[in-house]
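Enquirer: If you scroll down you'll find the structure; I have some questions about it.
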């Protein structure tokens, strides 16, 4: 058995916990302090890329300034050698539990549990906003629930700093985030502020309650368009057992205009706690809804909530008409901004890397230079294309790059499977997102299955069919069995 990798003469990398498009996370042992930690390292393919380095450094800087029990802590940062390549790393608190994305695989949560979790997220955001940091990517995959039931907000990799003159990017003004949780201003490519995180928190709460995000579509552009122009269904229309007070909280958080939403994370949290019975009635949504232009009269005996909804509906008519009038303009804006932005576009010399595959090495190098980038030749690959024809690039086509960035071109070695068949890659042991991406890049269609496991981290691929190394028709399905936490672990919060 190989000895564990020792990073910076201090951190033993025990095993991989997860892998994404930019970095991988390892379970590690801190020899100096004798504690278990999580070590996040930039992928070696991106170690020399300034764009990825800057984003990685932004995450370290953002989280290192935050010390809150609901935010995964950063203990150390630096650079070290992994497999012969010097890469930056972040040493973080090791959180044992499951992400909300994992928990949602079992379906929606009980309303009380969903509200409690969202309140925990809002505590973290209130602290983050107080220290000038907007997360910008609140979603189920970036929130963990520990085995003790504690909420932990993670992944500040695209966090943005708030300056005295409003929101200013630490790097480029790009629309970044996940389509299903984007605020309308993010979808339009506008500056974001703390209220953008509150909209995303509303989307998160909506999904915890109903099992589905408020908007869905066939593409990121379609989803972004709905965030700007469409009104979501009430959560109670999508799932049973959701009280009208909960609908109120969610719908205020999902208001299109920032001024109509909650203005602070604490304000939204207090309304949630009022619904749960933790806070006095004067801090409830009824007051917030009135303050932002949704007149809600006090409840009356026998049908107050229905009267409230009728009054709110009348108050909303003007805003809905305005949305319809602006619909044509918004459609153009969203389609242009979202299409370019989700592919990596920006308005600060940041743009989407085009696909050079299929061109000869010399032609691709010329194209890279024409795009204002610097080409270099990387290792050859077996991809079934003729020799010296480009198989792939690093970073991948569609990635966000800045002018002058180095693009590594990987030419074909002239070998590979005949067209129409592919060799199935072995993705067992990998994290789900990385495994699915690998299979799709190979031309296969992954199908997700789950299996409870106490030994593997949630999201780890336990098995696949067909197995790695077998031949399969391009476009055929590969069943990927992913580990999920057992039901007893998922409910391990002690009823808090």
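Enquirer: Within region 357-384, can you find the residues that are exposed (fewer than 14 other Cβ atoms within 10 Å of the Cβ) and in a loop (DSSP other than H, G, I, E, B)?
Expert: Scanning region 357-384 gives 358, 372, 379, 382.
Enquirer: Hey, any hits in region 127-137 for a residue that's free of Cβ contacts under 8 Å to residues at least 60 places away in the same chain and either crowded, with 22+ Cβ neighbours inside 10 Å or closer than 25 Å to residue 278 by Cβ (or both)? Write out each step before concluding.
Expert: The first filter runs over region 127-137 and keeps only residues free of Cβ contacts under 8 Å to residues at least 60 places away in the same chain, leaving 130, 132.
Restricting the remaining residues to those that are either crowded, with 22+ Cβ neighbours inside 10 Å or closer than 25 Å to residue 278 by Cβ (or both) gives 130.
Taking every residue of region 127-137 in turn, at least one turns out to be free of Cβ contacts under 8 Å to residues at least 60 places away in the same chain and either crowded, with 22+ Cβ neighbours inside 10 Å or closer than 25 Å to residue 278 by Cβ (or both).
Enquirer: With respect to residue 341, determine if the residue is buried (at least 20 other Cβ atoms within 10 Å of the Cβ) and at pLDDT below 80.
Expert: Details: buried (at least 20 other Cβ atoms within 10 Å of the Cβ): yes; at pLDDT below 80: yes.
It is true that residue 341 is buried (at least 20 other Cβ atoms within 10 Å of the Cβ) and at pLDDT below 80.
Enquirer: Looking only at region 42-54, decide whether some residue is buried (at least 21 other Cβ atoms within 10 Å of the Cβ), at pLDDT 85 or above and on the phi < 0 side of the Ramachandran plot.
Expert: No, every residue in region 42-54 fails to be buried (at least 21 other Cβ atoms within 10 Å of the Cβ), at pLDDT 85 or above and on the phi < 0 side of the Ramachandran plot.
Enquirer: Follow-up question, since we're still on this one. I need the full set of residues from region 220-242 which are within 12 Å of residue 209 (Cβ to Cβ), part of a helix (DSSP H, G or I) and either touching a helix residue (DSSP H, G or I) at 6+ places or on another chain (Cβ under 8 Å) or touching a residue at least 60 places away in the same chain (Cβ under 8 Å) (or both), in order please.
Expert: Here is the first cut: in region 220-242, the ones within 12 Å of residue 209 (Cβ to Cβ) are 232-242.
Narrowing the set further to residues that are part of a helix (DSSP H, G or I) leaves 235-238.
Once the filter is applied, which keeps residues that are within 12 Å of residue 209 (Cβ to Cβ), part of a helix (DSSP H, G or I) and either touching a helix residue (DSSP H, G or I) at 6+ places or on another chain (Cβ under 8 Å) or touching a residue at least 60 places away in the same chain (Cβ under 8 Å) (or both), region 220-242 yields 235, 236, 238.
Enquirer: Here is a follow-up. If the requirement is being in the same structural domain as residue 261 (by TED's automatic domain parsing), under 23 Å from residue 224 (Cα atoms) and modelled with pLDDT of 90 or more, which of these qualifies: 198, 145, 115, 122? So that I can check it myself, show each step before the final result.
Expert: Numbers: 145 fails: under 23 Å from residue 224 (Cα atoms); 115 fails: under 23 Å from residue 224 (Cα atoms); 122 fails: under 23 Å from residue 224 (Cα atoms).
Among 198, 145, 115, 122, only 198 is in the same structural domain as residue 261 (by TED's automatic domain parsing), under 23 Å from residue 224 (Cα atoms) and modelled with pLDDT of 90 or more.
Enquirer: Listed residues 262, 278; which is in a loop (DSSP other than H, G, I, E, B) and crowded, with 21+ Cβ neighbours inside 10 Å? Before you say what the answer is, go through the steps one by one.
Expert: Values: 278 fails: crowded, with 21+ Cβ neighbours inside 10 Å.
Criteria check complete, one pass: 262.
Enquirer: Moving to a separate point now. Filter region 409-439 down to residues that are without any contact (Cβ under 8 Å) to a residue 40 or more places away in the chain and not in a loop (DSSP other than H, G, I, E, B) and give me whichever is farthest from the chain's Cα centre (by Cα).
Expert: Ranking the candidates gives 412 first.
Enquirer: Follow-up. What's the number of the only condition in (1) part of a loop (DSSP other than H, G, I, E, B); (2) touching a helix residue (DSSP H, G or I) at 6+ places or on another chain (Cβ under 7 Å) that residue 390 fails to meet?
Expert: All conditions pass for residue 390, except number (1).
Enquirer: With the condition kept exactly as written, say whether any residue in region 67-84 is outside any loop (DSSP other than H, G, I, E, B), within 18 Å of the chain's Cα centre (by Cα), at pLDDT below 90 and surrounded by 19 or more Cβ atoms within 10 Å (Cβ to Cβ).
Expert: Within region 67-84, the subset outside any loop (DSSP other than H, G, I, E, B) is 71, 74-82.
Those left that are additionally within 18 Å of the chain's Cα centre (by Cα): 71.
Remaining after also requiring at pLDDT below 90: none.
Within region 67-84 (the criterion being outside any loop (DSSP other than H, G, I, E, B), within 18 Å of the chain's Cα centre (by Cα), at pLDDT below 90 and surrounded by 19 or more Cβ atoms within 10 Å (Cβ to Cβ)), the answer is no, since none of the residues qualifies.
Enquirer: Restricting region 386-425 to residues that are on the phi > 0 side of the Ramachandran plot and out of contact with any strand residue (DSSP E or B) (no Cβ under 8 Å at 6 or more places or on another chain), which is surrounded by the most Cβ atoms within 10 Å (Cβ to Cβ)? Give the steps one after another, and end with the answer.
Expert: Taking region 386-425 first, the residues on the phi > 0 side of the Ramachandran plot are 388, 398, 404, 414, 416, 420.
Still in the list and also out of contact with any strand residue (DSSP E or B) (no Cβ under 8 Å at 6 or more places or on another chain): 414, 416.
Working: 414: 14, 416: 16.
Result: 416.
The values are calculated or read from the model by the stated rules, or taken from the named source; none is laboratory data. Predicted model only: the values in this text are computed from it and were never measured. Cβ coordinates were reconstructed from backbone atoms using ideal geometry, including for glycine residues, and neighbour counts include every protein chain displayed.
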